[in-house]
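J.: Below is one structure. I have some questions about it.
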Amino acid sequence: MTSVEIEIISARWVLPIDQNQPLANKITVLENHAIVVEERCIIAIGPSDELLARYPDASHTALNHHILMPGLVNAHNLTAMSLLKGLTNPQPLPKWLNDIWTIERQWLSESFARDGVALGIAEMLLSGTTCFSDSYLFPNASASITESLGMRAQIHFPISEQASNWAQNSEEYFEKGLEIADEYRQSALITTGFGPYSANRVSNKSFERIAMLAEEIDRPIHLYMHQHEAEINDSIDKYGLQPIQRLSELGVLSPRTQVIQAGLLDTNSEQLLVESGASVIHCPGASLNLQTAYSPSTKLLKQGVNMGLGTDSAACGNTLNLFSQLNLAVMLSAEADIQKPLSCAAALRMATLGGAETLGLDSEIGSLSVGKQADIIAIDTQTPSLQPLQSITRQLVNAGADAPVSHVWVAGQRKVSDGQLVDIDLNAVLAKSDWWKKQLAS
């Protein structure tokens, strides 16, 4: 919406994703309903005929064969790595990291990050994601291009003891990161947080500082933890504690903490995680490709742990299409417990409201309700992958990457219309991607 103050979006079905129970087996489906958007926010939801009569001067977008639902929230991503898509095969995480780090040392720069994030945003918008969480080097470039393209994101600035192309030591990471947090403090689209890559790559001193600052400036902490045995054993060798136990003692584990994967948890670590109020982000595609332990989603949800869904980077998960992760999440949960797999309704909630809760943005996004930001997507049901439409919930999840996203709004601004980007020059984005491909091959 660019030239009108009020827009009515009517559809055959509306999925508000308003359920409070993360393990619900059903979601509300409203038939022949509409959403009224004024500037950035939803101001009304109701039967289409009633709202059209109430707002006779509003513009009207009629989507007669479509499903309206909240935009997806990709709760973990390293977006700039979209430019590294296809460079590696599925392989164990340690080998994959060594290969990627070699490439990063040679090529990673501010321009690389900017162009990679633009490519990732194009892919995410076209597949229905309206908010993403990012944790990668050159977060200043990531935040800048994201805001300029009108996308919503939570940008986590890295903290490490190891030198990189962006910072030489932990003090420089903190200094640059806090500057970014201050710069985007009033942004309508960008929030920020701390992004220590993983527990074993950050010192106790730095973690204590992160915990103190996160509380002081009210920012989340986003990190990988308990992905594979080597990581846990390394922590025990260095610190005498498993990663979650160590971070709990350092004051890092709290409701602000966003733990990526948490796939290998013994009873003690699981209890600490549950009691801390931390959220867990499930990235099933990346887990399979990197042969790491995937999140025990149903088990954690039953214990009250909030969960979001992520793709991880396109370099390890091969895609930023979050719809592709929904079916994987359900299938992996069935492998863990065929009697009690994750329901399709619960998976959809993880990809929307669960992700928003993980990022601390659930008062603004993640569901369709009056007063929230108008982050909305439309799915065209007139396609073979969704026909015959016998169960909206199951078929949205099972369609995976084939879910045909036709329209996307971020903060009330139309970003995709009839499957095409509205105000992003896709040809220019792809031209830069092709240029980087040639550089990487040289």
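The values are calculated or read from the model by the stated rules, or taken from the named source; none is laboratory data. What you see is a predicted model, and the numbers here were worked out from it, not measured in a lab. Neighbour counts are summed over all protein chains in view; Cβ atoms, including those assigned to glycine, are modelled from backbone coordinates with ideal geometry.
J.: Can you find, within the stretch 54-91, the residue that is farthest from residue 117 (Cα to Cα) among those that are small (Gly, Ala, Ser), in contact (Cβ under 8 Å) with a residue 60 or more places away in the chain and assigned to a loop (DSSP other than H, G, I, E, B)?
T.: Applying the filter and picking the extreme gives 71.
Rundown of residues vs (1) on the phi > 0 side of the Ramachandran plot; (2) free of Cβ contacts under 8 Å to residues at least 60 places away in the same chain, yes/no style:
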| residue | (1), (2) |
| --- | --- |
| 210 | no, yes |
| 233 | no, yes |
| 237 | no, yes |
| 245 | no, yes |
| 251 | yes, yes |
| 254 | no, yes |
| 258 | no, no |
| 265 | no, yes |
| 273 | no, yes |
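J.: Now a separate question. If residue 155 satisfies all but one of (1) surrounded by 24 or more Cβ atoms within 10 Å (Cβ to Cβ); (2) out of contact with any strand residue (DSSP E or B) (no Cβ under 8 Å at 6 or more places or on another chain); (3) without any contact (Cβ under 8 Å) to a residue 40 or more places away in the chain, what's the number of the condition it fails?
T.: Of everything listed in (1) surrounded by 24 or more Cβ atoms within 10 Å (Cβ to Cβ); (2) out of contact with any strand residue (DSSP E or B) (no Cβ under 8 Å at 6 or more places or on another chain); (3) without any contact (Cβ under 8 Å) to a residue 40 or more places away in the chain, residue 155 misses just condition (2).
Matching residues to (1) part of a strand (DSSP E or B); (2) surrounded by 14 or more Cβ atoms within 10 Å (Cβ to Cβ); (3) at pLDDT below 95; (4) touching a strand residue (DSSP E or B) at 6+ places or on another chain (Cβ under 8 Å):
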site: 187; (1), (2), (3), (4): no, yes, no, no
site: 200; (1), (2), (3), (4): no, yes, yes, no
site: 216; (1), (2), (3), (4): no, no, no, no
site: 227; (1), (2), (3), (4): no, yes, yes, yes
site: 231; (1), (2), (3), (4): no, yes, yes, yes
site: 247; (1), (2), (3), (4): no, yes, no, yes
site: 268; (1), (2), (3), (4): no, no, yes, no
site: 286; (1), (2), (3), (4): no, yes, yes, no
site: 289; (1), (2), (3), (4): no, yes, yes, no
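J.: Here is a further query. Out of all the residues in the stretch 392-411, is one or more modelled with pLDDT of 95 or more and on the phi > 0 side of the Ramachandran plot?
T.: yes
J.: For the stretch 12-28, give me each residue that is of a type in the set (S, T, N, Q) and either modelled with pLDDT of 90 or more or outside the structural domain of residue 46 (by TED's automatic domain parsing) (or both).
T.: Scanning the stretch 12-28 gives a single hit, 28.
J.: Of all the residues that make up the stretch 29-53, how many are of a type in the set (Val, Ile, Thr), under 23 Å from residue 389 (Cβ atoms) and not in a loop (DSSP other than H, G, I, E, B)?
T.: Result for the stretch 29-53: 2.
J.: Right, here's the next one. Limited to the stretch 202-214, what total is found for residues that are among the hydroxyl-bearing types (Ser, Thr, Tyr) and touching a strand residue (DSSP E or B) at 6+ places or on another chain (Cβ under 9 Å)?
T.: So the answer is 1.
Matching residues to (1) out of contact with any helix residue (DSSP H, G or I) (no Cβ under 7 Å at 6 or more places or on another chain); (2) surrounded by fewer than 19 Cβ atoms within 10 Å (Cβ to Cβ); (3) over 21 Å from residue 12 (Cβ atoms); (4) among the small types (Gly, Ala, Ser):
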site	(1), (2), (3), (4)
292	no, no, yes, no
301	no, no, yes, no
310	yes, no, yes, yes
330	no, no, yes, no
366	no, no, yes, yes
387	yes, yes, no, no
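J.: Return yes or no: is residue 266 closer than 15 Å to residue 227 by Cα, assigned by TED's automatic domain parsing to the domain that holds residue 204, among the acidic types (Asp, Glu) and out of contact with any Leu (no Cβ under 8 Å at 6 or more places or on another chain)?
T.: Considered against the rule, which asks whether it is closer than 15 Å to residue 227 by Cα, assigned by TED's automatic domain parsing to the domain that holds residue 204, among the acidic types (Asp, Glu) and out of contact with any Leu (no Cβ under 8 Å at 6 or more places or on another chain), residue 266 comes out as yes.
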